[in-house]
1. Within the stretch 18-48, which residues are of a type in the set (A, V, I, L, M) and either part of a loop (DSSP other than H, G, I, E, B) or in contact with a Gly (Cβ under 9 Å, 6 or more places away or on another chain) (or both)?
2. If the requirement is being modelled with pLDDT of 80 or more and surrounded by 11 or more Cβ atoms within 10 Å (Cβ to Cβ), which of these qualifies: Glu25, Glu37?
3. Does any residue in the stretch 1-21 that is within 17 Å of Gly45 (Cα to Cα) come within less than 8 Å, Cβ to Cβ, of a residue that is part of a loop (DSSP other than H, G, I, E, B) and modelled with pLDDT of 80 or more six or more places away or on a different chain, and which pairs are these?
4. Can you tell me how many residues within the stretch 49-67 are assigned to a helix (DSSP H, G or I) and farther than 18 Å from Lys38 by Cα?
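The values are calculated or read from the model by the stated rules, or taken from the named source; none is laboratory data. None of the values given here were measured: they were computed from a predicted structure. Cβ coordinates were reconstructed from backbone atoms using ideal geometry, including for glycine residues, and neighbour counts include every protein chain displayed.
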Amino acid sequence: MIKAIILNLTGVLCDPTPFIWKSREAIFRTHGIKLAEKEIQEMLGKSLKEQLKIINKKHNTKIKYEILGKGNVNFLCLIYF
């Protein structure tokens, strides 16, 4: 018999933001990009596509959304789960 079910909507049981940024930073480092804390703070709340546009423009790179999106999930699974 099931006695309890735990559902976790993003941010209810824990804040995923630090984990998401750690995974993104790891991916950006593979492209030679080191983000300052101020840069990260300015991008909080923006979509991944918006963040990527800002980073590509500021760092003169051409990282594709598809690569970052896929890598982000893989890094989260590998590092934190």
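1. Listed by number, the residues that qualify are Ala26, Ile27, Ile33, Leu35, Ala36, Leu44, Leu48.
2. Testing whether each residue is modelled with pLDDT of 80 or more and surrounded by 11 or more Cβ atoms within 10 Å (Cβ to Cβ) leaves just Glu25.
3. Every condition considered, the pairs that remain are Thr17/Leu44.
4. Just the residues of the stretch 49-67 that are assigned to a helix (DSSP H, G or I), to begin with: 49-59, 65-67.
Going one step further and asking which of them are farther than 18 Å from Lys38 by Cα, we end up with 49, 65-67.
Final tally of qualifying residues: 4.
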